[in-house]
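Derivation of every value follows stated rules applied to the coordinates shown; laboratory data play no part. The model shown is predicted, which means the values in this text are computed figures rather than measured ones. Positions of Cβ are backbone-derived with ideal geometry, glycine not excepted, and every protein chain shown enters the neighbour counts.
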Amino acid sequence: MIKALLIALLVPAIAAGQAPAVQAIIDSAARAGLPTRPLVEKALEGSAKHAAPDAIAAAVRALAGALADARSALGTATTDELNAGAVALRLGARPEDLSRLRAARSGGNLVVPLGVLSDLVARGVPVDTATRVVVALAANGDDEYLAFRQRVDRDIDLGAAPIGSVIGALNSSGRSALQSPGKKP
Amino acid sequence: MSESIERVVRELKRPVAVSPDLDAKVMAHVLADVRTPVPVRRLWLWPALAVAAGLALLLFLPRGKDVPFTLVAPQASSVSVVGDFNDWKPTPLVKNRAGAWEARVRLAPGQYNYAFVVDGSRWVADPAAPRNAVDDFGSPNSVVTVAL
Amino acid sequence: MGIQQVETTDGDLVRRVLAGDAHAYAGLVARHRDRLMRYARHVLGNREDAEETVQDAFVRAYRSLARCDGPENYERWLFGILVNRCRTRYGQTARRSAVVVHDDVAIAEAEAPGDADEATWGDAVRWALDQLEPLYREAFLLKHVEDLSYEEMAHLTRTGVSALKMRVSRACERLRVMLEEVERV
């Protein structure tokens, strides 16, 4: 109840009674044990951007669904991991890709790899390729992901096609996108 | 190089025609950008700082860092940053002498969506940061990931 | 003491742009457009694609100017962007098999009053250049028209020096054979 009140205070559309659907989605997510903070932030974003209540509800619903799928794929996960996984799924990654990444990086936090995955897709790399690359680098630390992203960024800025930049950056790090996950040559 | 290839090279080194409006087209794009590149003179002077700023550009930062948000918008009268980290309520940026607006926000590890709001109404994604390809409300966000 | 004329360098202009004077970029465009247009025109074979690609390279360079290796290296860095953009552009336009080799401007230039033999020769050279495989054409232009060293070419194209030497050599040989045939006609 207190949580619902806090959410209502945070999200003007809910407070104004214009978007009961948003409240219902958030309540339902909370009952399912999903993190509600990302959903509240999504509603706040929509409100700040003066989106229509229906649009806010649709966005919150889509995110809640993706969070549930991410949890199924990742198993035990932090809120940030679920959030990053939900973004990756909404960009077209498959649940089994997330599971493979979890298995390949057992014990390691997935926020950075999933963030890199989403960034690559946002820069125009096909989601299949981006996923394969992120899984291929899974045996390494976050530093390797950072270095990889830096190389891809540089090449795209230099005008290379996104997919070509990824292949070039993989070659620079001594890997092939076709290698099995985590194995060094 | 054989004589015939020398003749080819001479021919190919001759200037080619350039549309008189090429410069104007380029400058139209340049001046339409609210965002100009972040001044990097300091980076060339101090390589150590350049490394740090390079990482900041990647926006993957160590645990609980003061994350710099910068937008170069000399003509703007106000710029703020809004995002998951401030419940989408504006945090104002301060203008420096070069026309860059800056603010530092303390962020715990995690992934955050954010955008700039210029002159109170114009939403601008951070061109120096990764873009979130999921755009639910018709104005794209940038993403900052603070590493563990 | 006489008046000393101090020439503005690329570095001066880049520093002014980075300090917020976007108009200073016009100086860089004016200074480098002719070289860029010449290269793009020869690689892509027609004026429209060349102009769009050069425009694209200038704008990309502006947007990522902060990542330039150093203000004084602007030209080399810009040219690297153009080489990559031409590669991408060629990949996109190659499928439009009817790339116009002799566009209106080329014809106008060939028909311009003056030395008729030179016009015919220029036409033949452009035709022969267009018959080369794109990677051979690129290597030939970088080496002999842009006067780059093999090391610079290797850096720009991410290709080994020996492969580049082979491409230049084959390009020269093919051009020589083709142009000899033309002259026999």
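The mean count of C-beta atoms from other chains within 10 Å of the C-beta of residues in A:105-114, rounded to a whole number, is 2. Protection proxy ranking, highest mean first, for peptides A:112-123, A:83-94: A:112-123, A:83-94, where packing is the per-residue count of other beta-carbon atoms within 10 Å, averaged. With the simple model of a label 7 Å out from the Cα in the direction of the Cβ, B:Asp119 to C:Asp69 spans 4.0 nm. By the beta-carbon count within 10 Å of each Cβ, the least crowded to most crowded order of C:Ser169, B:Ser77, fewest first, is B:Ser77, C:Ser169. Fewest-first ordering of B:Glu6, A:Glu41 by other beta carbons within 10 Å of each residue's beta carbon gives B:Glu6, A:Glu41. Shielding by partners for peptide A:42-48, expressed as the average number of C-beta atoms from other protein chains within 10 Å of each residue's C-beta, is 6. Residue by residue along B:20-26, Cβ atoms of other protein chains within 10 Å of the local Cβ number 6 on average. Each of C:Arg16, A:Arg102 has some number of other Cβ atoms within 10 Å of its Cβ, and from fewest to most they run C:Arg16, A:Arg102. Applying 1/(1 + (r/R0)^6) with R0 = 56 Å to the Cβ-Cβ distance of C:Arg170 and A:Asp143 gives a FRET efficiency near 0.85.
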